[in-house]
Amino acid sequence: MLLLALDTATPAVTVALHDGTDVIASSSQVDARRHGELLLPALDRVLAEAGLRLDAVTGIVAGTGPGPYTGLRVGLMTADAFGLALGVPVHGVCTLDGLAFAADLEGPFVVATDARRKEVYWARYADSRTRLTDPAVDRPADLADQVAGLPAVGAGALLYPDTFPRAHEPEHVSAAALARLAAEKLAAGEELPAPRPLYLRRPDAQVPKNYKVVTPK
């Protein structure tokens, strides 16, 4: 097994290789505006570090968000393209699940990432491998009763200490954590979902209202 994992659902552009035993190479850069520019160079670095070619990959793992429309689709489209070109399966893993796995906390806790617009993408977990709620997007103040007293991880939690007073790192997801989680699930015979994006809301960029279509006379 050689899994290529990647995620662009948060400001982190992150890539990793997992050989079926553990992560053998990884790269993460934080830049919310350059996902498209940074992803392929990061992939090249990871392959070079591992001393491998892309055609050695036997499966791809892509973070499915939730995340902003533009950044999230960079990773998912890249994963789909590589899967088709290499003829290998492409698996989806919720980005929040990757953060929960990396946090390695016992007992209930919350994962929250920055959704912009003064909102967070979030979910509640029983432990690092068990999500209790579907991913959602909400204003932090509206969650106060649901998350009161719980530890929290992720950039969204760190941004809003009034709602998440027990927030700590990891701030962003890492492809290394996604790869380890996916490899564990696959080894246990679990079927991973298709890499479909969790947008949860409409994209920021939209056609202006009262847009006039100009046609040639």
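So for the range 12-24 (the condition being of a type outside the set (Ser, Thr, Tyr), closer than 19 Å to Arg116 by Cβ and part of a loop (DSSP other than H, G, I, E, B)), does at least one residue qualify?
no
Would you confirm whether or not the range 138-157 contains a residue that is closer than 26 Å to Gly83 by Cα and not hydroxyl-bearing (Ser, Thr, Tyr)?
no
Considering only the range 129-177, state which residues are surrounded by 14 or more Cβ atoms within 10 Å (Cβ to Cβ) and acidic (Asp, Glu).
Within the range 129-177, Asp138, Glu171 meet the criteria.
Does the range 14-49 hold any residues that are closer than 17 Å to Arg180 by Cα and of a type in the set (Val, Ile, Thr), and which are they?
Thr14, Val15, Thr21, Val23, Ile24, Val46
Restricting attention to the range 146-199, which residues are at pLDDT 95 or above and among the polar types (S, T, N, Q)?
Thr163, Ser174
Given the criteria more than 18 Å from the chain's Cα centre (by Cα), under 15 Å from Val61 (Cβ atoms) and either without any contact (Cβ under 8 Å) to a residue 12 or more places away in the chain or in a helix (DSSP H, G or I) (or both), does Glu191 qualify?
Yes; evaluated as a whole, the condition is true for this residue.
I'm trying to understand the selection: among the residues of the range 1-23, which are surrounded by fewer than 24 Cβ atoms within 10 Å (Cβ to Cβ) and under 19 Å from Lys185 (Cβ atoms)?
Result: Met1, Leu2, Asp19, Gly20, Thr21, Asp22, Val23.
Under the condition of being at pLDDT below 95 and not small (Gly, Ala, Ser), which residue from the range 80-115 is farthest from the chain's Cα centre (by Cα)?
Checking each candidate, the answer is Glu106.
Can you tell me which residue within the range 18-43, out of those that are touching a helix residue (DSSP H, G or I) at 6+ places or on another chain (Cβ under 9 Å) and charged (D, E, K, R), is modelled with the lowest pLDDT?
Step by step, filter the range 18-43, then rank; the result is Arg33.
Does the range 141-185 hold any residues that are among the acidic types (Asp, Glu), assigned to a loop (DSSP other than H, G, I, E, B) and closer than 30 Å to Val90 by Cβ, and which are they?
Selection gives Glu169, Glu171.
The values are calculated or read from the model by the stated rules, or taken from the named source; none is laboratory data. These figures come from a predicted structure and were not determined experimentally. Heads up, the Cβs are rebuilt from the backbone with ideal geometry, glycines too, and the neighbour counts pull from every protein chain shown.
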